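Peer 1: The following block contains the structure, expressed as structure tokens.
Computed from the coordinates by the stated procedures, all read-outs in this text should not be read as laboratory data. Source: prediction; values computed, not measured. Cβ sites come from the backbone with ideal geometry, for glycine too, and all protein chains shown count toward neighbours.
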Amino acid sequence: MNKVITDGLVLMPSRFARGLDRWSSGDGTAGSPDLEFDDRAVFVPSDQDFGGCLELVKTEGVQRLRYRTRTPIIPGCYLRVTARVKAISGNLPEVRIAGWAGRGNDVHVDGVTEAAESRMIEEYGDIVEVSAIVGAGRRGGVDLSWGPAAEYGYLGLDLTGPTGGVVRIDDLTIEDVTSVFIADMLPIVDVRDFGAVGDGVTDETAAFNAADAAADGREIIVPKGTYRLGGDVYIDTHIRFEGRVVQARDARFVLRKNFDLPSYIDAFGDEVIAFEKAFQALLSNSDHESLDLGGRRIDLDGPIDMARAAGTDVFEIRRVIRNGQFNVKPGAGWTVESVVSQATYRPGQFRERLTGVANVANIAVGAQVVGAGVGREVYVRAKSVAGRWVELSQPLYGPRETQSYTFRRYKYALDFSGFTKLSKFTITDVEFQLDGRASGILMAPEGETFHLRDSFVTKPSHRGITSHGRGCQDLQVDRCHFISDEQQVPATQRQSVALNVNANDAKIRDSRFQRFGTTMVLNGQGHLILGNHWFQGDEVQGGARIGGLIFTQPNIRSFVTGNYIDNCSIEWTNEHDCYPGFDNEFSFGGLTVTGNSFVSINAARYFSWIVVKPYGAGHFIHGFSVIGNAFRAINSIVGRIEKVDTSRASLNNSRMRMVEFSGNTFNGIERQTINPAALEFNHPSAERTWTLDPSAYLPFDGWAKTVTSVVPVGRLFDGGGNAAHHMPHIGVMQGGGNDRVQLYWPEKVRGKVNMTVRADTPY
């Protein structure tokens, strides 16, 4: 910027040859004395050094010379005043650039510096040049900073020091030197000014770091080119990219001001590399707790190894990825790896380990283990090639000691399995568009409080969220939407699982799960399943329905509350127990199912919403509440709401304790389950022994184990029609199925009674 050029501003003072009346020995304002008739001043037309110049006799301690024309002081514009002076005779003075700051009609601006530093004239005939820069701003190199109040100045010089000397002064110059400050005035710093080349070969690390150090809050610009960064770069100010950056995977690129995915995409060009570098920065002192994807879609050709991208395997400080989409593209990167190997399982030696594993090097950590005697959602947690063993996420309930297993390694859009431990990690407002090609998220083997919220997991090929270890401790899934890729497949043929848990205290809340093969497989205890909607129906008339929520541990201390459970069952097993038979342990208990809406459409009559499936003999239920739920069958009749799957073992009904089915409603259900059941029985013939059948109401085909009350309804009559006033002796667990109650009267009686009967012991 140069105001002389751009605005036609006239700055240069009048030459002395044009008359001394344009110059003042005072402050330059109107009325100050001029030099035209001052006998101390004379114009010398032909000095050997200066040509025409002013000769001046110094008679005052501070002798002023001011140009009497107002020189504008414009914010953002800087002027350099220059004078060349030599001593002719007498005492040698000092010289400095000086001026008078004014505004309005010659109103002085007080409180500003009006004289620059003085310089001594040391020899006669030596030409001394002095200069100073004047302007409104306070910048390095500005000698006279006059602030925004000054509108103009009367500029010139001062002679200071001893009097009695004679000096000659060349014509003064005033020039616009704003360009000297242009780099400081413009809000940008160019990395090329610090040595960056942009040839894709030169290491530009030092140049980028130097530009950041000099920016002082200004924006850094990276011009067109390719900039190779061999080391770590931390940028503490805003940066704008026209060129592209390439950097080694283990080097960090941290943008602390504009820390968001769009900025990293601008820097690296490639969306996946940009996300990996931004994630690395998120875990590397980015001064941010979250990475904003900026609403951008990241197209993936294969899984992102999150630990490899981060350059670390342990992280336990809260971090968040938010606001974007991962979109899976077709490609070989999503092909499921499948390995069949023979292995030995000896639970007495290692409850969660296969030993003597053939071909263990080709088995991937995170692979699902499939084989005879293997429960649902068992995964490879770790392995040793040298030791030929595979660590499992759960024990196996019943394989042969040595047999073949299939290890299927699904491919996940975000794969955290490379972490040793990851805690307090959150993904929010993110959509996973998996398109039937990839699975969603594979968690770390250890960690806690992984949180997915307000997100969509759309059409996973096999799994939505997988835990292959205990990184699911305190897993939280809130307000998410899981959509299966198998919606047109009959329920019994689907293979997908929305999520699984191996540890304790999962909180699955206010989420929707649409037509998966299985919605949730949960090991561990202390789970809260609240306010969700999951449905697994199909278009098959009278079709079978399978488990939607699977508990794989018998004593679970969990709550299923306020959910909409549609065309699938809650299945309660102990399939992750290497000794599934009862052995003086806690059996099935600790589950509360309350306030849910259970629905089936076109389901087979044998379908039930609550299924207990013991994998070994001797188990029983001790502590199970089913309260205040609504059960409804649509377009078909369902036989009963609960049952025991005896395909592997039955329950020990003699040990049933504290089982409550109460306050539920039943529509389209053939047999209503109530426990305790308060029933009315009418015995029309007078007999001493009444055999009563409450079995239709007792849960899980239970025994008539306890009668807590028998109350006559109206009068009882003996065989002669006379009123009878007796109470019976009670016999429980009668009949071949132990599901009848007998009342023994002292004489033959007939009539009605209300009886409250239980299939359990209420304590």
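Peer 1: If one computes the Cα centroid of the stretch 648-687 and of the stretch 285-317, what distance in Å separates the two points?
Peer 2: What the calculation gives is 54 Å, centre to centre.
Peer 1: If we count every other residue with Cβ under 11 angstrom of Met733's Cβ, Lys/Arg +1 and Asp/Glu -1, where does the sum land?
Peer 2: +1
Peer 1: Then there's this: Please work out how much length the chain gains when fully extended from Lys507 to Thr82, using 0.36 nm per residue of separation minus the C-alpha to C-alpha distance, in nm with one decimal.
Peer 2: Taking 0.36 nm per residue and subtracting the Cα distance, the gain is 145.3 nm.
Peer 1: If a paramagnetic tag sat 7 Å from the Cα of Ser654 along the Cα-Cβ line, which residues of the stretch 608-633 would have the backbone N under 17 Å from that point?
Peer 2: Correct set: 617-622.
Peer 1: How would you rank 26-32, 11-17, highest first, on the average number of other Cβ atoms within 10 Å across their residues?
Peer 2: Top to bottom by mean Cβ count within 10 Å: 11-17, 26-32.
Peer 1: So how much slack lies between Arg22 and Asp250, counting 0.36 nm per residue of separation and subtracting their Cα-Cα distance, in nm?
Peer 2: Stretched out fully, the Arg22 to Asp250 stretch lengthens by 75.1 nm.
Peer 1: Could you check the simple spin-label distance between Ala678 and Asp49, using points 7 Å along Cα→Cβ, in nm with one decimal?
Peer 2: My value for the distance between the label points is 12.1 nm.
Peer 1: Separate question: Please figure out what share of the DSSP beta bridges in the chain is antiparallel and state it in percent, rounded to the nearest 5.
Peer 2: 45 percent
Peer 1: Can you give the calculated 222 nm mean residue ellipticity of the chain, where each DSSP H run of n ≥ 4 adds -39,500 (n - 2.57) and the sum is split over every residue, rounded to the nearest 500 deg cm²/dmol?
Peer 2: Computed mean residue ellipticity for the chain: -1500 deg cm²/dmol.
Peer 1: Could you name the aspartates and glutamates whose alpha carbon sits less than 13 Å from that of Lys383, not counting residues in the same chain fewer than 8 places away?
Peer 2: Glu352, Glu391
Peer 1: Now, a different point. Which entry is the computed Rg and Dmax of the Cα atoms in Å for this structure: (1) 45.3, 160; (2) 26.7, 87; (3) 26.4, 82?
Peer 2: Entry (1).
Peer 1: Would you tally the net charge around Asp250, using a Cβ to Cβ cut-off of less than 15 Å, leaving Asp250 out, and scoring K and R as +1, D and E as -1?
Peer 2: Taking every other residue near Asp250 into account, the sum is 0.
Peer 1: Have a look at Asn91, Gly135, Leu155 and report the one farthest towards the positive end of the charge dipole of the stretch 3-183, computed about the Cα centre with Cβ charges (Lys/Arg +1, Asp/Glu -1).
Peer 2: After comparing all options, I get Gly135.
Peer 1: Quick one: net charge around Ala633, please, counting Lys, Arg +1 and Asp, Glu -1 for every other residue with C-beta under 13 Å from its C-beta.
Peer 2: Neighbour charge sum, excluding Ala633 itself: +3.
Peer 1: Once phi is turned into θ = phi - 60°, what whole-Hz ³J(HN,Hα) does the Karplus curve with 6.51, -1.76 and 1.60 give for every residue of the stretch 226-235, x standing for Gly and Pro?
Peer 2: Whole-Hz 3J(HN,Hα) from phi for the stretch 226-235: 10, 10, 8, 10, x, x, 6, 10, 10, 10.
Peer 1: Ok, one more. Pop the C-beta distance of Asp270 and Arg479 into the FRET formula with R0 = 51 Å and round what comes out to the nearest 0.05.
Peer 2: 0.95
Peer 1: For the stretch 102-201, which GluC sites (Glu not before Pro) are in a loop by DSSP, counting at most 15 other Cβ atoms within 10 Å?
Peer 2: Here the sparse-neighbourhood loop sites are Glu117, Glu122, Glu123.
Peer 1: Give a quick list of trypsin sites (Lys or Arg not before Pro) in the stretch 283-391 that DSSP marks as loop, anything other than H, G, I, E or B, with at most 14 other Cβ atoms within 10 Å.
Peer 2: Sparse-neighbourhood loop trypsin sites (Lys or Arg not before Pro): Arg318.
Peer 1: A further question on this structure: In whole percent, what relative contact order does the chain give with Cα contacts below 8 Å and a gap of six or more residues?
Peer 2: It rounds to 6 percent for the chain.
Peer 1: Rule-of-thumb check for the stretch 484-671: C-alpha Rg over 2.2 N^0.38 Å?
Peer 2: Relative to the 2.2 N^0.38 Å estimate, the stretch 484-671 comes out at 0.96.
Peer 1: Please list, ordered by chain and number, the residues whose modelled amide H lies under 5 Å from the amide H of Arg470; skip anything fewer than 5 residues away on the same chain.
Peer 2: Amide H neighbours of Arg470: Glu446.
Peer 1: Additional query: Report the calculated FRET efficiency for Met12 and Asp216 (r = Cβ-Cβ distance, R0 = 25 Å), to the nearest 0.05.
Peer 2: Using R0 = 25 Å, I get an efficiency of 0.15.
Peer 1: Could you work out how far apart the two model spin labels at Ser597 and Arg40 are, taking each label as a point 7 Å from the Cα in the direction of the beta carbon, and quote it in nm?
Peer 2: Using points 7 Å along Cα→Cβ, the separation is 10.1 nm.
Peer 1: On to the next question. Considering only Ser284, Tyr615, Gly19, whose Cα is most displaced toward the positive end of the charge dipole of the chain, charges sitting on Cβ of Lys, Arg (+1) and Asp, Glu (-1)?
Peer 2: Tyr615
Peer 1: For the pair Glu123 and Ala206, what calculated FRET efficiency results from E = 1/(1 + (r/R0)^6), where r is the Cβ-Cβ distance and R0 = 45 Å, to the nearest 0.05?
Peer 2: 0.45
Peer 1: Work out the charge dipole of the stretch 677-758 with +1 on the Cβ of Lys and Arg and -1 on the Cβ of Asp and Glu about the Cα centre, then indicate which of Gly714, Asn738, Ser695 is farthest towards its positive end.
Peer 2: Checked the options; the winner is Gly714.
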